[in-house]
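Since the structure comes first, as structure tokens, the remarks are kept for the end.
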Amino acid sequence: MSAQGLTLQGMPPLALYVHLPWCVRKCPYCDFNSHPLHGELPAEAYVDALLADLDQQLPLVWGRVLHSIFFGGGTPSLFSGAQIERFLDGVRARMSLAPAAEITLEANPGTVEHDHFAAYRAAGVNRVSLGVQSFADAALQQLGRIHGGQEAITAIDRLRQAGFDNFNIDLMYGLPQQDVAAAVDDVQRALAFAPTHVSHYQLTLEPNTLFAHRPPPLPDEDIIASMQEACADHLQAAGLRQYEVSAWSQPQHECRHNLNYWRFGDYLAVGAGAHGKLTLPAEQAIVRYVRQPSPKRYLQAMQSGEWDQSRSCPDARTLVFEFFLNALRLRDGVDLALFQQRTGLAMNWLQQPLDEAQQRGLVWIDGDDLHITDLGWRFLNDLQAIFLPA
Ligand code: SF4
């Protein structure tokens, strides 16, 4: 048993997250580690840094197979197909990739040409996540996006012409001055392209964003609830199933990379500000780490060797919370056997929170299957809070 008190048997699936941190400009609602691009993109130097970063993590994952790769940002589509290909070739030279591994790249409709999509596909990218957010020009302007509705449509056409049939459209609702009809219109326009996946999430005002300092006029809670319900009806009618709080997919097209997060799998992280989580069987430990968030410092890490901003081994109570914070997002509920496998903790850690969640009518349990009730789904934050360390 480790200092964390874990008894780990077996290894979870392994993914790779790649953070590409630059954007044309910063959106006023964005709290990601994204940086406005001033001057030329240091793309080649950054790809070198990503591969050097991966190199020094390899001893932690010898012999393990990668099941998915996700290029997130920032705006990964600022990088060319050739640069993405050089990175992916470097990954393949260093690690085994599972057959049919999912390789997703986030793209911004304001930064993609047809050639780019074809080149990403030739590089091995097999899934694109397009940050559309809305098709309404006025809403996009208020969100500070660099694209308009027509550019979003053109980008979807281009990615389909390039042969991508597995793609996600990101949409937001609860936008400044948006009404129910406008939110539904966005969903209908997206569905007209038959996406395999739609991420449909509410605009929230996150601390340390421009919107938090100067809040725009947002619809009230009742209107937002009606939007959510009306949009859900349309998504469902189009054959998409909600498998996570904000994620809808056609059958067999759930995002495998994100499912791995929600099921407490492992993920290597490379890139400025990237977060990783690894199970280390020799140490009987689960480690979390965050890379230097500043792109400049991250690039300097090739010389200084200081890749990490922080590294920690969460204690047992924190692991319980982290597991349930993620797993309770899934509509199919939680496989309790997975809790033991992924955290290395005994079931008695769950006795008290599970009793409380059942007593409050938020979940019901059948063998190893924990199901979330309608009440639990409605008050998901309360349900997750039950698993917080005392
Ligand atoms: S494009 Fe995306 S990552 Fe970049 S600033 Fe806007 S929301 Fe943030």
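So the values come out like this:
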read-out: Selection from 372, 15, 161, by position along the positive dipole direction of the chain (Cβ); value: 15
read-out: Top positive-direction residue, dipole computed over the chain with Cβ charges, set 126, 292, 140; value: 292
read-out: Per residue accessible area of the chain, 1.4 Å probe, in Å²; value: 44
read-out: Unit charges on C-beta of K, R, D, E only; dipole of the chain, Debye; value: 860
read-out: Between segment 357-385 and segment 185-245, the Cα center-to-center distance that results, in Å; value: 24
read-out: Sequence of 296, 26, 277 when ordered by accessible area, the most exposed leading, probe 1.4 angstrom; value: 296, 26, 277
read-out: Alpha-carbon gyration tensor eigenvalues x 5, square-rooted, for segment 315-390, Å; value: 18, 13, 11
read-out: Segment 280-349 - charge dipole about Cα centre, Lys and Arg +1 at Cβ, Asp and Glu -1, debye rounded to 20; value: 280
read-out: Longest to shortest principal axis, alpha-carbon extents of segment 1-96, angstrom; value: 50, 33, 20
read-out: Rounded accessible area of residue 283 (nearest 10 Å², 1.4 Å probe); value: 110
read-out: Dipole in debye (nearest 20) - segment 1-159, about Cα centre, beta carbon charges: Lys, Arg +1; Asp, Glu -1; value: 340
read-out: Most mobile listed residue (166, 348, 260) in the chain, GNM with C-alpha springs under 10 Å; value: 348
read-out: Share of alpha-carbon pairs per 10 Å distance bin for the chain, given as whole %; value: 5, 21, 31, 28, 13, 1
read-out: Convex hull projection area averaged over all views, segment 132-185, Cα basis, nm²; value: 3.8
read-out: Spin-label zone in segment 257-289 - amide nitrogen under 19 Å from a point set 7 Å from the Cα of residue 55 along the C-beta vector; value: 269-272
read-out: 222 nm mean residue ellipticity, helices alone, for the chain (DSSP H n ≥ 4; -39,500 (n - 2.57); rounded to 500); value: -11000 deg cm²/dmol
read-out: Cα-only radius of gyration and Dmax that characterise segment 63-175, units Å; value: 14.9, 51
read-out: Residue order for 165, 335 - accessible surface, 1.4 angstrom probe, largest first; value: 165, 335
read-out: Beta bridge orientation in the chain: antiparallel %, DSSP, nearest 5; value: 40
read-out: Zone residues, segment 240-278, relative to residue 313, backbone N less than 15 Å from point 7 Å out along Cα-to-Cβ; value: 278
read-out: In segment 1-83, chymotrypsin sites (Phe, Trp or Tyr not before Pro) in a DSSP loop with at most 11 other beta-carbon atoms within 10 Å; value: 62
read-out: Within a Gaussian network of the chain (alpha carbon springs, distance under 10 Å), most fluctuating of 272, 122, 93; value: 93
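The values are calculated or read from the model by the stated rules, or taken from the named source; none is laboratory data. These numbers were taken from a predicted model, which means no experiment stands behind them. Methodologically, a virtual Cβ is constructed for each residue, glycine included, from the backbone with ideal geometry; neighbour enumeration extends over all protein chains shown. Surface areas here come from the heavy atoms of the whole protein model, side chains and all, with no ligands, DNA or RNA. Shrake-Rupley method; radii C 1.70, N 1.55, O 1.52, S 1.80 Å.
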